[in-house]
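**Student:** Handing you a structure now.
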Amino acid sequence: MKLFSTGLSWWSWWVAILLLLATMINYMDRQTLANLSVRITNEFSLTEEQYGDLELVFGVTFAIGSIVFGVLADKVPVRWLYPFALLSWSAMGVLTGFTEGFYSLLICRGLLGFFEAGHWPCALVVTHAVLSRGDRVLGNSILQSGASIGAIVTPIIILSIVGGNQEPDAWRSPFLIIGAVGIVWVAIWLLTVRSNDQLKPREEFALATTNEHPLKW
(Lines give C-alpha, C1' and ligand atoms only; values in the text may rest on other atoms or scores of the structure.)
Protein backbone atom coordinates (compact mmCIF):
# COMPACT_ATOMS: atom_id res chain seq x y z
CA MET A 1 0.00 0.00 0.00
CA LYS A 2 1.31 3.45 -0.92
CA LEU A 3 1.30 6.71 1.01
CA PHE A 4 1.14 10.28 -0.32
CA SER A 5 1.79 11.32 -3.90
CA THR A 6 5.33 9.95 -3.93
CA GLY A 7 4.09 6.40 -3.59
CA LEU A 8 6.35 5.49 -0.72
CA SER A 9 5.62 2.18 0.96
CA TRP A 10 4.43 1.64 4.49
CA TRP A 11 7.89 0.21 5.16
CA SER A 12 9.53 3.59 4.53
CA TRP A 13 7.19 5.36 6.91
CA TRP A 14 7.54 2.63 9.51
CA VAL A 15 11.29 3.28 9.44
CA ALA A 16 10.50 6.98 9.96
CA ILE A 17 8.48 6.03 13.04
CA LEU A 18 11.46 4.01 14.31
CA LEU A 19 13.58 7.14 13.96
CA LEU A 20 11.03 9.07 16.02
CA LEU A 21 11.20 6.39 18.72
CA ALA A 22 15.01 6.47 18.66
CA THR A 23 14.92 10.23 19.22
CA MET A 24 12.51 9.70 22.12
CA ILE A 25 14.85 7.15 23.69
CA ASN A 26 17.78 9.49 23.13
CA TYR A 27 16.12 12.32 25.06
CA MET A 28 14.67 10.05 27.72
CA ASP A 29 18.11 8.66 28.55
CA ARG A 30 19.72 12.08 28.74
CA GLN A 31 16.94 13.69 30.80
CA THR A 32 16.61 10.96 33.39
CA LEU A 33 19.48 12.49 35.35
CA ALA A 34 17.91 15.95 35.38
CA ASN A 35 14.59 14.58 36.59
CA LEU A 36 16.29 12.71 39.44
CA SER A 37 18.99 15.27 40.19
CA VAL A 38 17.71 16.18 43.68
CA ARG A 39 17.72 12.57 44.86
CA ILE A 40 21.11 11.83 43.31
CA THR A 41 22.87 14.97 44.54
CA ASN A 42 21.56 14.32 48.04
CA GLU A 43 22.61 10.67 48.08
CA PHE A 44 26.08 11.34 46.66
CA SER A 45 26.46 14.69 48.45
CA LEU A 46 27.30 16.42 45.19
CA THR A 47 28.10 20.11 45.09
CA GLU A 48 26.59 22.44 42.49
CA GLU A 49 29.98 22.54 40.78
CA GLN A 50 30.09 18.74 40.54
CA TYR A 51 26.61 18.57 39.08
CA GLY A 52 27.62 21.27 36.61
CA ASP A 53 30.62 19.13 35.65
CA LEU A 54 28.24 16.26 34.84
CA GLU A 55 26.39 18.44 32.35
CA LEU A 56 29.64 19.90 31.02
CA VAL A 57 31.20 16.55 30.25
CA PHE A 58 28.00 15.46 28.50
CA GLY A 59 28.13 18.51 26.23
CA VAL A 60 31.83 18.11 25.43
CA THR A 61 31.64 14.40 24.63
CA PHE A 62 28.46 14.94 22.60
CA ALA A 63 30.32 17.45 20.44
CA ILE A 64 33.21 15.02 19.96
CA GLY A 65 30.86 12.14 19.25
CA SER A 66 29.00 14.16 16.63
CA ILE A 67 32.19 14.50 14.59
CA VAL A 68 33.27 10.88 15.11
CA PHE A 69 29.91 9.40 14.18
CA GLY A 70 29.54 11.88 11.34
CA VAL A 71 32.65 10.36 9.78
CA LEU A 72 31.63 6.79 10.60
CA ALA A 73 28.12 7.16 9.17
CA ASP A 74 29.64 7.90 5.77
CA LYS A 75 31.84 4.81 5.88
CA VAL A 76 30.21 2.13 8.06
CA PRO A 77 26.90 0.42 7.18
CA VAL A 78 24.25 2.29 9.14
CA ARG A 79 22.23 -0.88 9.65
CA TRP A 80 24.90 -1.90 12.17
CA LEU A 81 26.29 1.48 13.26
CA TYR A 82 22.90 2.81 14.34
CA PRO A 83 21.99 -0.05 16.72
CA PHE A 84 25.57 -0.06 18.01
CA ALA A 85 25.27 3.61 18.99
CA LEU A 86 21.84 3.12 20.52
CA LEU A 87 22.82 0.03 22.49
CA SER A 88 25.94 1.80 23.71
CA TRP A 89 24.14 4.86 25.04
CA SER A 90 21.42 2.65 26.52
CA ALA A 91 24.12 0.65 28.30
CA MET A 92 25.51 3.88 29.74
CA GLY A 93 22.02 4.72 30.98
CA VAL A 94 21.71 1.34 32.67
CA LEU A 95 25.19 1.60 34.19
CA THR A 96 24.29 5.00 35.61
CA GLY A 97 21.80 3.17 37.77
CA PHE A 98 24.70 1.24 39.34
CA THR A 99 27.02 4.19 40.01
CA GLU A 100 28.26 4.72 43.56
CA GLY A 101 29.65 8.24 43.45
CA PHE A 102 30.63 11.31 41.47
CA TYR A 103 33.44 9.85 39.37
CA SER A 104 31.59 6.78 38.16
CA LEU A 105 28.61 9.01 37.42
CA LEU A 106 30.89 11.39 35.50
CA ILE A 107 32.27 8.56 33.34
CA CYS A 108 28.80 7.23 32.52
CA ARG A 109 27.56 10.72 31.70
CA GLY A 110 30.50 11.39 29.42
CA LEU A 111 30.11 8.13 27.50
CA LEU A 112 26.36 8.68 27.30
CA GLY A 113 26.95 11.99 25.55
CA PHE A 114 29.48 10.48 23.14
CA PHE A 115 27.29 7.60 22.01
CA GLU A 116 24.06 9.62 21.94
CA ALA A 117 25.68 11.87 19.35
CA GLY A 118 25.62 8.92 16.94
CA HIS A 119 21.86 9.12 16.66
CA TRP A 120 21.69 12.20 14.46
CA PRO A 121 24.20 11.29 11.70
CA CYS A 122 22.72 7.79 11.44
CA ALA A 123 19.13 9.06 11.38
CA LEU A 124 19.90 11.57 8.63
CA VAL A 125 21.50 8.88 6.49
CA VAL A 126 18.41 6.73 6.93
CA THR A 127 15.94 9.48 6.00
CA HIS A 128 17.89 10.21 2.83
CA ALA A 129 17.94 6.54 1.97
CA VAL A 130 14.34 5.49 2.57
CA LEU A 131 12.37 8.68 1.85
CA SER A 132 11.98 10.41 -1.49
CA ARG A 133 13.12 13.99 -1.95
CA GLY A 134 9.58 15.31 -1.62
CA ASP A 135 9.00 13.55 1.71
CA ARG A 136 12.30 14.11 3.50
CA VAL A 137 11.18 17.34 5.17
CA LEU A 138 8.18 15.55 6.66
CA GLY A 139 10.38 12.58 7.57
CA ASN A 140 12.86 14.81 9.37
CA SER A 141 9.99 16.58 11.12
CA ILE A 142 8.75 13.22 12.39
CA LEU A 143 12.29 12.43 13.52
CA GLN A 144 12.72 15.74 15.33
CA SER A 145 9.35 15.52 17.09
CA GLY A 146 10.67 12.63 19.14
CA ALA A 147 12.79 15.11 21.12
CA SER A 148 9.76 16.99 22.45
CA ILE A 149 7.80 13.81 23.06
CA GLY A 150 10.73 12.32 24.97
CA ALA A 151 11.04 15.43 27.11
CA ILE A 152 7.33 15.30 27.92
CA VAL A 153 7.02 11.62 28.78
CA THR A 154 10.26 11.23 30.77
CA PRO A 155 9.03 12.86 34.01
CA ILE A 156 5.73 11.00 33.69
CA ILE A 157 7.50 7.67 33.35
CA ILE A 158 9.86 8.42 36.22
CA LEU A 159 6.96 9.44 38.43
CA SER A 160 5.15 6.19 37.62
CA ILE A 161 8.26 4.17 38.50
CA VAL A 162 9.43 6.01 41.60
CA GLY A 163 6.19 7.59 42.80
CA GLY A 164 6.43 8.48 46.47
CA ASN A 165 9.15 5.94 47.19
CA GLN A 166 11.66 7.66 49.46
CA GLU A 167 14.11 4.77 49.71
CA PRO A 168 17.72 5.90 49.08
CA ASP A 169 18.14 3.72 45.98
CA ALA A 170 14.69 4.36 44.48
CA TRP A 171 16.22 6.65 41.83
CA ARG A 172 18.14 3.77 40.26
CA SER A 173 15.17 1.92 38.76
CA PRO A 174 14.29 4.55 36.11
CA PHE A 175 17.83 4.40 34.71
CA LEU A 176 17.61 0.62 34.44
CA ILE A 177 14.14 0.54 32.90
CA ILE A 178 14.52 3.43 30.48
CA GLY A 179 17.96 2.20 29.43
CA ALA A 180 16.58 -1.28 28.74
CA VAL A 181 14.06 0.15 26.25
CA GLY A 182 16.93 0.53 23.81
CA ILE A 183 17.27 -3.25 23.55
CA VAL A 184 13.68 -3.51 22.32
CA TRP A 185 14.29 -0.81 19.71
CA VAL A 186 17.40 -2.56 18.38
CA ALA A 187 15.51 -5.84 18.02
CA ILE A 188 12.73 -4.14 16.05
CA TRP A 189 15.29 -2.27 13.92
CA LEU A 190 17.15 -5.44 12.93
CA LEU A 191 13.87 -7.15 12.05
CA THR A 192 12.73 -4.16 9.99
CA VAL A 193 15.97 -3.39 8.15
CA ARG A 194 17.24 -6.80 7.10
CA SER A 195 19.83 -5.70 4.54
CA ASN A 196 22.00 -2.62 4.29
CA ASP A 197 21.07 -2.45 0.58
CA GLN A 198 17.82 -0.89 1.77
CA LEU A 199 19.77 1.98 3.32
CA LYS A 200 21.71 3.05 0.24
CA PRO A 201 20.97 6.61 -0.89
CA ARG A 202 18.03 6.81 -3.27
CA GLU A 203 19.06 7.26 -6.90
CA GLU A 204 17.32 10.61 -7.20
CA PHE A 205 19.37 11.94 -4.26
CA ALA A 206 22.62 10.78 -5.81
CA LEU A 207 21.70 12.43 -9.11
CA ALA A 208 20.67 15.65 -7.39
CA THR A 209 24.08 16.04 -5.78
CA THR A 210 25.68 16.17 -9.23
CA ASN A 211 23.30 18.80 -10.58
CA GLU A 212 24.83 22.12 -11.54
CA HIS A 213 22.27 23.90 -9.37
CA PRO A 214 21.74 21.70 -6.29
CA LEU A 215 19.74 24.41 -4.53
CA LYS A 216 16.92 23.91 -7.04
CA TRP A 217 15.97 20.53 -5.52
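The values are calculated or read from the model by the stated rules, or taken from the named source; none is laboratory data. Please read all numbers here as calculations on a predicted model, not as lab measurements. Cβ sites come from the backbone with ideal geometry, for glycine too, and all protein chains shown count toward neighbours. When the accessible area is computed, the model is the full protein with side chains, heavy atoms only, and any ligands, DNA or RNA have been set aside. Shrake-Rupley method; radii C 1.70, N 1.55, O 1.52, S 1.80 Å.
**Student:** With the contact rule set at Cα under 8 Å and sequence spacing of 6 or more, what percent relative contact order holds for the chain?
**Tutor:** Rounded, it is 34 percent for the chain.
**Student:** Taking the Cα centre of the chain as origin, sum charge times position over the Cβ atoms of Lys and Arg (+1) and Asp and Glu (-1), and report the length of that vector in debye to the nearest 20.
**Tutor:** Once rounded to the nearest 20, the dipole reads 860 debye.
**Student:** Scan the chain and report its longest stretch carrying no trypsin sites (Lys or Arg not before Pro) that are both in a DSSP loop and have at most 10 other Cβ atoms within 10 Å.
**Tutor:** 76-193
**Student:** Here's a follow-up. Ignoring ligands, DNA and RNA, what percent of the accessible area of the stretch 1-160 is carbon or sulfur (1.4 Å)?
**Tutor:** Accessible surface attributable to carbon and sulfur in the stretch 1-160 totals 71 percent.
**Student:** Here is a follow-up. Pull out the extension gain between residue 64 and residue 98, defined as 0.36 nm times the separation in residues minus the alpha carbon to alpha carbon distance; nm, one decimal.
**Tutor:** Length gained, residue 64 through residue 98: 9.7 nm.
**Student:** I want to verify a result. In a Gaussian network model of the chain, Cα cutoff 10 Å, which of these has the top mean-square fluctuation: 168, 121, 77?
**Tutor:** Ranking 168, 121, 77 by mean-square fluctuation puts 168 first.
**Student:** Another question about this same structure. Subtract the Cα-Cα distance of residue 180 and residue 144 from 0.36 nm times their separation in residues, and report this length gain in nm to one decimal.
**Tutor:** Fully extending the segment from residue 180 to residue 144 adds 10.8 nm.
**Student:** Output the 0 to 90 degree angle, nearest 10, between the alpha-carbon long axis of helix 119-130 and the longest principal axis computed from the alpha carbons of the chain.
**Tutor:** Tilt relative to the chain: about 20 degrees.
**Student:** Still on this structure, I have one more. Applying 1/(1 + (r/R0)^6) with R0 = 25 Å to the Cβ-Cβ distance of residue 47 and residue 151, what FRET efficiency is obtained, to the nearest 0.05?
**Tutor:** 0.40
**Student:** Here is a further query. Given the peptides 111-118, 86-93, 100-107, arrange them by the average over their residues of other C-beta atoms within 10 Å, most packed first.
**Tutor:** My ranking of the peptides, most packed first, is 111-118, 86-93, 100-107.
**Student:** Kindly report the accessible area of the chain per residue (heavy atoms of protein chains, probe 1.4 Å, no ligands, DNA or RNA), in Å².
**Tutor:** For the chain, the per-residue accessible area is 50 Å².
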